[in-house]
Amino acid sequence: MEIHERALQPATPVGAAGDSKPTVRWFQECDKSAIAEVGGKCASLGELIAMGVRVPPGFAVTTHGCTRFLRDAGILPEIMALLKGVPADDIERLEAVSAEIRQMIESRPMTIEMEDEIAEAYRRLSVQCCLPAAPVAVRSSATAEDLPGASFAGQQDTYLWVRGADEVMHHVRRCISSLYTARAIGYRVRMGFDHEQVAISVGVQKMANAYTAGVMFTMHPANGDRSVIVIDSNFGFGESVVSGEVTPDHFVVNKVTLDIAERTVSRKEVVCTVDLKTQRCHTVEVPFERQMVQSLIDDEVTELAWMGKQIEKHYGRPMDIEWAVDKDLPAGGNIFILQARPETVWSAKAEAANAAPAAQETGATSAMQYILTGLLSGRKVS
């Protein structure tokens with residue numbers, strides 16, 4: 001099954017005069033070795049593109065670029081002074097320090113050179129997508145997130161359906177400032193991470209105009225079962241699933257046969273979508289007659305599970321994946337992977353690591369039992 005999308009091939013721009021480190025790197029120029037430069041999220045997207053997975057195109061504003069912005073704005077010393085001695089358990093103080101730092105970052109302008117580099121990358125992305133002012137997702141990509149054993153993912157901000165160079169610039173600054181949310185500051189203090197050692201990159205990725213979206217785990221997140229793939233889905237953008245605003249449709253897929261072993265079609269009362277008049281992302285109620293309609297057809301469930309298997313095989317560990325089905329493209333080429341990160345909850349348990357061979361054997365045994373039962377009952381199993 002071919003799931004490759006032709007990648008952009010622009011030259012990599014560099015920083016301001018005297019700064020040889022790039023401000024912008026395209027996803028296809030990144031891999032896992034680039035985590036220090038583009039963060040875990042963007043590095044993972046580059047890995048996926050290299051292995052032929054269908055990923056919406058985009059670029060990263062590098063950690064060098066983001067640090068350069070803070071340095072040129074002259075606020076790095078002020079930020080470090082505010083963070084000094086902040087206790088992890090003082091919520092009010094954390095919120096106050098966070099608000100002051102974020103207001104500082106978001107109110108400062110970028111240099112003309114940096115604005116030009118980001119605007120030019122956004123223009124090239126729009127040309128590639130054949131869309132004027134292409135809608136993009138602007139996502140934070142911290143150097144300590146999306147790593148095995150780390151739980152930084154989700155602590156910084158994501159902004160959906162951003163259009164126009166000025167809006168992209170504004171939301172890039174908002175993502176940079178989200179490195180200093182109260183939650184992120186408190187977590188780093190509790191875990192003993194030096195604030196100066198956790199840098200941030202910002203990914204700018206073409207929005208998939210999602211008919212359906214959600215998350216997929218290549219193991220069962222409730223019990224750690226490695227023999228299944230679990231998919232949660234809702235209509236519209238995946239934000240409603242990730243944020244827990246809705247009870248999604250739930251599919252459990254056998255990892256060997258790709259048969260749907262369990263399905264739960266839930267009542268989906270809200271959907272995250274775009275208002276075409278205002279060009280803003282918002283949450284609306286789902287019409288009553290559509291609330292109990294299955295949001296993914298069975299063929300899409302199977303294709304998603306197949307893609308999940310390939311991603312898990314590449315990384316050699318269970319994965320937590322965000323995906324979308326683009327309604328502007330024909331079936332067979334409209335399922336996109338938006339993010340893929342290592343699963344951390346079960347993988348972090350020492351007992352699970354020690355019992356990994358036994359767990360794999362159990363998974364294989366249960367899969368074989370499933371196949372034999374299907375053959376004896378005359379049911380199609382592959």
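The values are calculated or read from the model by the stated rules, or taken from the named source; none is laboratory data. All values reported here derive from a predicted model rather than from experimental measurement. Note that each Cβ is placed from the backbone with ideal geometry, even for glycine, and that neighbours are counted across all protein chains shown. Quick note on the areas: whole protein, heavy atoms, side chains included, nothing else; ligands and nucleic acids left out. Shrake-Rupley method; radii C 1.70, N 1.55, O 1.52, S 1.80 Å.
Could you list, in sequence order, all residues of the range 161-170 that are surrounded by fewer than 22 Cβ atoms within 10 Å (Cβ to Cβ) and under 19 Å from Gly39 (Cα atoms)? Break it down into steps so the answer makes sense when it comes.
So in the range 161-170, the residues surrounded by fewer than 22 Cβ atoms within 10 Å (Cβ to Cβ) come out as 161, 163-167, 169-170.
Scanning the range 161-170 gives a single hit, Met169.
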Pick from the range 189-223, criterion open to solvent by 40 Å² or more (accessible area, probe 1.4 Å), part of a loop (DSSP other than H, G, I, E, B) and assigned by TED's automatic domain parsing to the domain that holds Lys84, ranking: farthest from Phe27 (Cα to Cα): Gly192
Contacts under 8 angstrom Cβ, first residue in the range 278-293 being open to solvent by 60 Å² or more (accessible area, probe 1.4 Å), partner hydrophobic (A, V, I, L, M, F, W, C) and part of a loop (DSSP other than H, G, I, E, B), 6 or more apart: Met292/Val265; Val293/Val265
The lone exception for Asn209 - which of (1) polar (S, T, N, Q); (2) over 30 Å from Arg93 (Cβ atoms); (3) modelled with pLDDT of 95 or more it fails: (3)
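Given the condition assigned to a helix (DSSP H, G or I) and either assigned by TED's automatic domain parsing to the domain that holds Gln339 or at pLDDT 95 or above (or both), answer yes or no: does some residue in the range 233-240 qualify?
Here is the first cut: in the range 233-240, the ones assigned to a helix (DSSP H, G or I) are 239-240.
Subsequent filtering for residues that are either assigned by TED's automatic domain parsing to the domain that holds Gln339 or at pLDDT 95 or above (or both) retains 239-240.
Yes: the range 233-240 contains one or more residues that are assigned to a helix (DSSP H, G or I) and either assigned by TED's automatic domain parsing to the domain that holds Gln339 or at pLDDT 95 or above (or both).
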